[in-house]
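> Take a look at this one; I'll ask things after.
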Amino acid sequence: MTSLKYLTFEQFDCPYSRYEDTGYKYMDREFLWMLDQAWHLSKIKFKILKGYVSPDGQLRTKELNNSSHLIGRAAEIRCKDPRKRYKMITALLEVGFTRIGFSEDRIYVDNDDMKPDSIWYFNKRRLLSNKYPHLDQYLL
């Protein structure tokens with residue numbers, strides 16, 4: 001594996017961690033290399049919304065205990081344009097990712113080999129509503 005051409009470790013840092021350089025220390029190198037290759041193939045800049053989630057971050061964001069973000073093998077990428085989303089997902093599949101979720105504004109990807117292969121659509125509003133039912137009135 002060579003160095004990253006498009007991505008930086010800092011893009012994957014946990015903003016809630018007490019420690020620095022969490023992206024560098026905890027992100028899986030194979031995962032990052034695959035994501036970097038997908039960027040290259042799609043020719044679209046990947047804006048990383050979430051990478052590594054530290055134990056401190058898990059408490060603040062209510063991340064699930066089995067989240068692939070906790071082991072540095074998952075990311076959420078910003079994408080609102082359907083044509084770009086198609087190119088990005090195609091590139092992710094081409095480099096070998098087999099777990100991809102998407103919504104209106106983001107793509108989730110991981111290479112967690114402890115979970116089944118899957119492609120799914122998720123509604124961010126519904127997820128927020130389930131997580132924070134008291135906010136339903138604001139999510140309409």
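> Can you tell me how many residues within region 46-58 are more than 19 Å from Asn111 (Cα to Cα) and in contact with a helix residue (DSSP H, G or I) (Cβ under 7 Å, 6 or more places away or on another chain)?
Keep residues of region 46-58 that are more than 19 Å from Asn111 (Cα to Cα), which gives 55-58.
Subset that is in contact with a helix residue (DSSP H, G or I) (Cβ under 7 Å, 6 or more places away or on another chain): 58.
Of the residues in region 46-58, 1 are more than 19 Å from Asn111 (Cα to Cα) and in contact with a helix residue (DSSP H, G or I) (Cβ under 7 Å, 6 or more places away or on another chain).
Quick grid of which residues meet (1) out of contact with any Cys (no Cβ under 7 Å at 6 or more places or on another chain); (2) more than 16 Å from Phe9 (Cα to Cα):
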residue	(1), (2)
Leu35	yes, no
Val53	no, no
Gly57	no, yes
Gly72	yes, no
Glu104	yes, yes
Tyr108	yes, yes
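> So, restricting to helices (runs of 4 or more DSSP H) that lie completely within region 47-140, which ones have at least 3 residues that are modelled with pLDDT of 90 or more?
Correct list: 82-94.
> Of all residues being touching a helix residue (DSSP H, G or I) at 6+ places or on another chain (Cβ under 8 Å) and among the hydroxyl-bearing types (Ser, Thr, Tyr) in region 59-97, which is nearest to Ser17 (Cα to Cα)? Just the residue, please.
Once the filter is applied, the top-ranked residue is Ser67.
> Could you please give the count of residues in region 18-45 that are of a type in the set (Asp, Glu), touching a residue at least 60 places away in the same chain (Cβ under 8 Å) and either within 16 Å of Ile107 (Cβ to Cβ) or not in a loop (DSSP other than H, G, I, E, B) (or both)?
Residues of region 18-45 that are of a type in the set (Asp, Glu), as a first pass: 20-21, 28, 30, 36.
Pick out the ones that are also touching a residue at least 60 places away in the same chain (Cβ under 8 Å) and you get 28, 30.
Of the ones still in play, those that are also either within 16 Å of Ile107 (Cβ to Cβ) or not in a loop (DSSP other than H, G, I, E, B) (or both) are 30.
Number satisfying all stated conditions: 1.
Let's see how each residue does on (1) surrounded by 13 or more Cβ atoms within 10 Å (Cβ to Cβ); (2) closer than 24 Å to Tyr121 by Cα; (3) in contact with a Phe, Trp or Tyr (Cβ under 6 Å, 6 or more places away or on another chain):
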site: Tyr16; (1), (2), (3): yes, no, no
site: Gly23; (1), (2), (3): yes, no, yes
site: Glu30; (1), (2), (3): no, no, no
site: Ala38; (1), (2), (3): yes, yes, no
site: His69; (1), (2), (3): yes, yes, no
site: Met88; (1), (2), (3): yes, yes, no
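> Determine which single condition Met114 fails, assuming it passes every other condition in (1) of a type in the set (A, V, I, L, M, F, W, C); (2) surrounded by fewer than 20 Cβ atoms within 10 Å (Cβ to Cβ); (3) within 14 Å of the chain's Cα centre (by Cα).
Failing condition for Met114: (3).
The values are calculated or read from the model by the stated rules, or taken from the named source; none is laboratory data. Model, not experiment: these values are computed from the prediction. Note that each Cβ is placed from the backbone with ideal geometry, even for glycine, and that neighbours are counted across all protein chains shown.
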